[in-house]
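Written below as structure tokens is the structure these notes are about.
The values are calculated or read from the model by the stated rules, or taken from the named source; none is laboratory data. Just so it is clear, the structure is predicted and the values come from calculations on it, not from any experiment. FYI the Cβ positions are ideal-geometry reconstructions off the backbone, even for glycines, and counts take in every protein chain you see. Surface areas here come from the heavy atoms of the whole protein model, side chains and all, with no ligands, DNA or RNA. Shrake-Rupley method; radii C 1.70, N 1.55, O 1.52, S 1.80 Å.
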Amino acid sequence: MTTPTALTAPTARRVLPVLGTLLAALLCALGFGATPASAHAALTSTDPANGSVVKTAPQRITLRFSEGVLLNADSIRVLDPGGERVEQGGPEHVDGKSDSAAVALRAGLADGTYTVAWQAVSADSHPVAGAFTFSIGAPSKTTVKATATVTEVDPAVEVLYGAGRYAAYAGFVLLVGGCVFAGVCRSSRSVQRIAVGGWIALFASTAALLLLRGAYTSGKGMGSVLDLALLGDVLATKPGAALLSRLLLLSAAAVFLAVLFGSYAREDDDRTRGERRDVAYGLGIGGTVVAVGLAATWAMAEHASVGIQAWLAMPVDVLHLVAVAVWLGGLAALLATLRSGEPLRRASVVRFSRLAFASVCALVATGLYQSWRQVGSWDALTGTSYGRWLLVKAGLVIVLVGVAYFSRRWTAGLTDGPEPKKAKPADRKVPAAVKGGGSDSAERAAQLARQRAALEKAAGKRQRDADENRSGLRRSVCAEAAVAVVLLAVTTVLTGTQPGRAETEQQRAASGEAVPAATGPAEVRIPYDTGGTNGSGTARITVDPGRSGHNTLDVAVTDAAGRPVDVPELEVTFTEKAKAIGPLRTTLERRSGGRWQSTGFQLPMAGEWQLSLTVRTSDIDQVTEIENVKIN
């Protein structure tokens, strides 16, 4: 068996400044993306509507979003023309639905223009905020500026939070990729430093994000970072629980690292080959569980957890993150090994090449699905910030794959060369002139030893550089690593950018166009007017989950002032005109004042259904209104 040529190289001290410069540049890129936080939950409608004039004061203010939001006691503030708050009690979800928020108003409000300022946390962990106005009776002058009521994230907190998110992604990539490289390809001291460094970066950044989270979502400054009450509120939310879970999983990862790079890495122990194989299987299963668990802490609290097909998007996102970590983290481990000058067999490089190819295939497949899910249309791909960042990311992946192609070509030409020559014992003898010569002789001996070490290092470098394939592989892997660092930065900015679907919905809502619900139930609001006394109002009809098969039909009826109202008769039917199905009727049962419900309502197929609402408000006053609703 031949021994591979040792690949000596410049020390890590020469590489760190370059990596530090790249990191600083990327932090600047994160700062570029750290404009006021982009909304991820689009505000689709308000009641009263923005800029509307109502005859009488409404009992409550209602907001509806394209996805779920988390509320706090100060999420909705309603200000009269003089700037005084007029809401009563705290905000709450309407009928328990997380994509809505409502707050009651005081009785006897005077005429004039009122300002509603709202802030919440999107279900994908990002803060959202805004403001709108409505008038009672007639518009009036107001001392309140709508833009001034919106609470923005402190710039220092936002920059630090963005840097922490980048460090967390980088730490995860180095930790998982370094461990996989050590277990499948080759374990060494340099690979150990990559994996342990990733663990430290992920742990430190996660702890920092947990402390910064409260200040980031509430709009408070750096002084609130150590506020224990705010930290308690964060831990009660889904993103806070995900960060805490990540810290707990990292304690298990620390044990895994100790075993992987400890006793298992030593080949001169007393265990048999079968025992080592059993330990390897155990490490493989345990490492997979920890890696998937860590990736799930992102999937359960960010973009994948909301929107269409969340049940599929979360496992796909986990697979995507793990594939990225195996590829890019393994790339960092390979580069560290090449730079350290440690022996590296061709078989180890070939194994990583195959592993990287499989990771790229998984990355492309999951990335295409995620892109379709988050963007939704070709127009959103070029017309939204998320779509443009996604194109940049796709371009970087293509560049990375192109550079990886050259790495595979260099790998194909690798051979296991002879073992590098080591100095013979005779060469290491201390010259007689410096023996027994006191301190001067000792200093002279140390100087000669340093010179000899420098000569050996230079000889090793010449021997390494003489192998064209290994030199070419080292250069191409270094180029891959540089592109990967930029790719991670773009990914971090992308995860903090409003998805194309949500931005499109928000634009449509702002223009007054009806916006279908992005997640969960199908909902439609139908105004009615029977012509009699107190005969006008609005019916909000919700079909949950809005898919073919069994559904729950919920109907809430309010009068012209927005108060729940009971009517003598209410009927809802569904007809699929294109397939000549229906009308399908169901029995509605009264649940509370102004609210009716039917469970187990069967819709046989997806499509555009015609919904007919019949409302009777007296013995002779009745009307039927028709609206379309899309069933998935």
For this session: Restricting attention to region 261-313, report how many residues are at pLDDT 85 or above, open to solvent by 50 Å² or more (accessible area, probe 1.4 Å) and either more than 21 Å from residue 175 (Cβ to Cβ) or touching an Asp or Glu at 6+ places or on another chain (Cβ under 6 Å) (or both).
Result: 1
For this session: Filter region 70-121 for residues that are farther than 14 Å from residue 58 by Cβ and among the acidic types (Asp, Glu) and give the result.
Result: 74, 84, 92, 95, 99
For this session: Provide a single number: the residues in region 281-327 that are in a helix (DSSP H, G or I) and closer than 19 Å to residue 368 by Cα.
Result: 24
For this session: Please enumerate the residues belonging to region 180-220 that are farther than 30 Å from residue 154 by Cα and of a type in the set (Ser, Thr, Tyr).
Result: 187, 188, 190
Exercise. When you look at residue 562, is it of a type in the set (Gly, Ala, Ser) and open to solvent by 20 Å² or more (accessible area, probe 1.4 Å), yes or no?
Worked result: yes
For this session: Looking at (1) surrounded by fewer than 18 Cβ atoms within 10 Å (Cβ to Cβ); (2) in contact with a helix residue (DSSP H, G or I) (Cβ under 8 Å, 6 or more places away or on another chain); (3) of a type in the set (A, V, I, L, M), find the lone condition where residue 344 falls short.
Result: (1)
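Using the structure shown, decide if residue 63 is at pLDDT 50 or above and not in a loop (DSSP other than H, G, I, E, B). Before you say what the answer is, go through the steps one by one.
Values: at pLDDT 50 or above: yes; not in a loop (DSSP other than H, G, I, E, B): yes.
Considered against the rule, which asks whether it is at pLDDT 50 or above and not in a loop (DSSP other than H, G, I, E, B), residue 63 comes out as yes.
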Exercise. Does region 195-203 contain any residue that is surrounded by 23 or more Cβ atoms within 10 Å (Cβ to Cβ) and under 18 Å from the mean Cα position of the chain (by Cα)?
Worked result: yes
Problem set entry | Residues of region 582-628 that turn out to be under 23 Å from residue 550 (Cβ atoms), of a type in the set (Val, Ile, Thr) and either touching a Leu at 6+ places or on another chain (Cβ under 9 Å) or in contact (Cβ under 8 Å) with a residue 60 or more places away in the chain (or both), as a count | 2
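Yes/no per residue for (1) under 25 Å from residue 214 (Cα atoms); (2) in contact with a helix residue (DSSP H, G or I) (Cβ under 8 Å, 6 or more places away or on another chain); (3) among the acidic types (Asp, Glu):
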residue	(1), (2), (3)
76	yes, no, no
91	yes, no, no
95	no, no, yes
109	no, no, no
118	yes, no, no
129	yes, no, no
Exercise. Looking at region 18-25, is at least one residue at pLDDT 75 or above and of a type in the set (S, T, N, Q)?
Worked result: no
For this session: Keeping to region 613-628, report how many residues are part of a strand (DSSP E or B) and buried (at least 18 other Cβ atoms within 10 Å of the Cβ).
Result: 4
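Yes/no matrix, rows are residues, columns are (1) touching a His at 6+ places or on another chain (Cβ under 9 Å); (2) surrounded by fewer than 23 Cβ atoms within 10 Å (Cβ to Cβ); (3) closer than 29 Å to residue 65 by Cα; (4) modelled with pLDDT under 80:
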position: 462; (1), (2), (3), (4): no, yes, no, yes
position: 467; (1), (2), (3), (4): no, yes, no, yes
position: 473; (1), (2), (3), (4): no, no, no, yes
position: 480; (1), (2), (3), (4): no, no, no, no
position: 487; (1), (2), (3), (4): no, yes, no, no
position: 507; (1), (2), (3), (4): no, yes, yes, yes
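Conditions (1) open to solvent by 60 Å² or more (accessible area, probe 1.4 Å); (2) under 29 Å from residue 309 (Cα atoms), marked per residue:
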{"site": "340", "(1), (2)": "no, no"}
{"site": "350", "(1), (2)": "no, no"}
{"site": "357", "(1), (2)": "yes, yes"}
{"site": "364", "(1), (2)": "yes, yes"}
{"site": "381", "(1), (2)": "no, yes"}
{"site": "384", "(1), (2)": "no, yes"}
{"site": "392", "(1), (2)": "yes, yes"}
{"site": "402", "(1), (2)": "no, no"}
Exercise. Just one of 165, 189 is touching a helix residue (DSSP H, G or I) at 6+ places or on another chain (Cβ under 7 Å), open to solvent by 20 Å² or more (accessible area, probe 1.4 Å) and among the basic types (Lys, Arg); which is it?
Worked result: 165
